[in-house]
Amino acid sequence: MTDVVKVGPQTLRARFLSGSFVLLAGSGFVTGINFAYNIAVARFLGPTAFGHATAVYTLLVLISAVTLSFQIVSAKMVAQQASLQARSNAYRAFHRSAWTCGVVVALLLLLFRNLISRYLNLPDPILVVLLGIGAAFYVPLGTRRGYLQGACGFGRLASNLVLEGFVRLCGSIIAIMLGYGVTGVIDANAAAVAMAYLCAIPKLPAADPYELRIPDAFREALQAIVFFVGQVVINNCDIVVVKHFFPPTPAGLYAAVALVGRVIFAFSWAVINTMFPIVAGTRNQERRNQGVLGTSLLLVLVIISVLTLGLRLAPAEVWTLLFGPQFSVAGRYGLPYLLTLYAITTGVYSLSVVIIAYEMSYKIANTGWVQLAFSGAMIAGIYRFHSSLQQVIWVQLVMMVVLLVVVAVPFLINVLIGSEATQEIRASAGIRALRHVSEDEVIAEFLKNDFHNPEFEEYQDSLGMLVTEPDLNDPGENAKRRALLFIRHGSLWRELPRGTEWFEVQLRVEDLLRVRVFPRAHWRKLAQGDYAITEVAQCLSTEQCQLVVDHAFLSKIRSLRDWVQLDADAGAVLLIGLDEKSPLTILDGNHRLVAATLNSADAFRRFRFYCGLSPRMAQCCWYRTNLATLFRYGANLVRYVVHNPEAELARLLQNS
């Protein structure tokens, strides 16, 4: 694994703004194409047939809950990888699963085509069959776009979105001119998806037979599915329900009104698409200091305000000219009123999505479940109140305002509390990161401290130089050292959460107050529930400690005390924690650091400290021991019981 480039103070926001402008430009182009597509279909087909086409297309958008789930999980996992090979492995795993899921979705649509057709009052079930063909390509398209997004290939991602819209527009116009009507329009939609899939092939290195396994993929996928199911239901269920309850002409009018929501959300989603991979690939401190969330909310708010104001000021004749005379609505609640009200509704919802997606980018967030609950409540509300089109929109607006309050208030409270706590800790005792280091460097330092153990005896002569003089730029050497470490510490290292970031850090004397010894073996007897290194050292200085630990342990500590006093470089100590402000646990170096602490308050300065940080570190039993983490540890032992690190090391040595 290669080093991750550390982002400078202004670079993160600059990358976000640059990527946002690329995707906003692409989204603007796509929006223009889609707007032209809807105007062309509406003018040529009329409200009734336009309502049919929009209802079928809305089903495709509902299926996008699955597509976007694969896209966002792929983007997050790809963004968190530090090498091209690791990105490739993550993508390949999701792409295979996406194809399986796409075929299943297509078969379900084929099986229930008649039921769906009757519910939506469609003229022919063949429309649902054509949709199924498009869906088979649509789901795996999400993984390909997720790779582009996670690798920050915003230009290619925008181009692919433009290509899909262009094929949909041109294909629909040609099909209508040839007399194929609604069927031809749905054909064009399916062809657009297939073309976008075929043109989004990423350039990948050769497949690695030892592919990266992503232990948290299921939880990430579940989070994404919950989020996008709620999102597509909120954005599209109103069109489906209106198509069911209202006659064809007003249903077609509502489909035209709903276009404004899709335009606003498309622009907002461009901002989110840029924010997500950048935040996912950024460490905690950079994320807190850069204000990416505030910038995202501000951009979305500007987009909402400009578009809503434009809709409010546009005269009704503009819409009649664009869509045709059949789309005119007389009276106070005409098309400008409905369009403006719908724009405000979508805008309020877009602000909620920014906050939810920001949380999802770096942790497993529960707000997706909140959104899903509101989507169900919104459907129930529309079923209860649908006497007019404006009443349908008002139900949605009320629900979206409540959702924004429910999502934003707890988040803002946590941010304020976290900010105050961070300032207080920085003022008193905070670790300082000296540099961002790779996992390969940490493993090399771990082996230097541990290579004298009997488990490595057969390798000490032949691989001594590999350990004592490591070349961190050689991927082959790094793989051998990893396999070598796993001979003795595989079960320990595998418990660390995926995406753990490593730093060389500087500790002050006051930082020792939140450093804890490893909660195992002799330390459990000695600590008696309090694993703080200062408490353990104090206990060791008393005579009572001889009653709870054996003589060999005490002899080792005394020997290390003498050695630390003589050696100017006492090696590296590995720490793990949730973030810079949380308690830290010693992963390697317990005996040495305790012995140094017994000598003097500042003897620990002879060590070099490496700290692994992850917001999911509480899942690791070495950091927090409880039934859940012990069960996870046991499950991993069973999962890797057949894994043979000696054989893997032999294979690597033979290949070299």
**OP:** Consider residue 127 carefully, then state whether it is open to solvent by less than 50 Å² (accessible area, probe 1.4 Å), in a loop (DSSP other than H, G, I, E, B) and farther than 29 Å from residue 271 by Cα.
**Re:** no
Original post:
Would you say residue 194 is modelled with pLDDT under 85 and either under 18 Å from residue 51 (Cα atoms) or assigned to a helix (DSSP H, G or I) (or both)?
Top reply: no
Original post:
Within the range 78-124, which residues are under 30 Å from residue 182 (Cα atoms) and not in a helix (DSSP H, G or I)?
Top reply: 112, 120, 121, 122, 123, 124
Subject >> Residues within the range 143-173 that are at pLDDT 85 or above, small (Gly, Ala, Ser) and in contact with a helix residue (DSSP H, G or I) (Cβ under 6 Å, 6 or more places away or on another chain), tallied >> reply: 3
Subject >> Qualifying residue in the range 636-650 (condition: surrounded by 12 or more Cβ atoms within 10 Å (Cβ to Cβ) and touching a Cys at 6+ places or on another chain (Cβ under 7 Å)) >> reply: no
**OP:** Would you mind finding the one in 300, 370, 306 that is closer than 28 Å to residue 152 by Cα, at pLDDT 75 or above, open to solvent by 20 Å² or more (accessible area, probe 1.4 Å) and part of a helix (DSSP H, G or I)?
**Re:** 306
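The values are calculated or read from the model by the stated rules, or taken from the named source; none is laboratory data. Computed from a predicted structure; not experimentally measured. Because the Cβ atoms are built from the backbone with ideal geometry, glycine has one as well, and the counts that use them run over all protein chains shown. Surface areas here come from the heavy atoms of the whole protein model, side chains and all, with no ligands, DNA or RNA. Shrake-Rupley method; radii C 1.70, N 1.55, O 1.52, S 1.80 Å.
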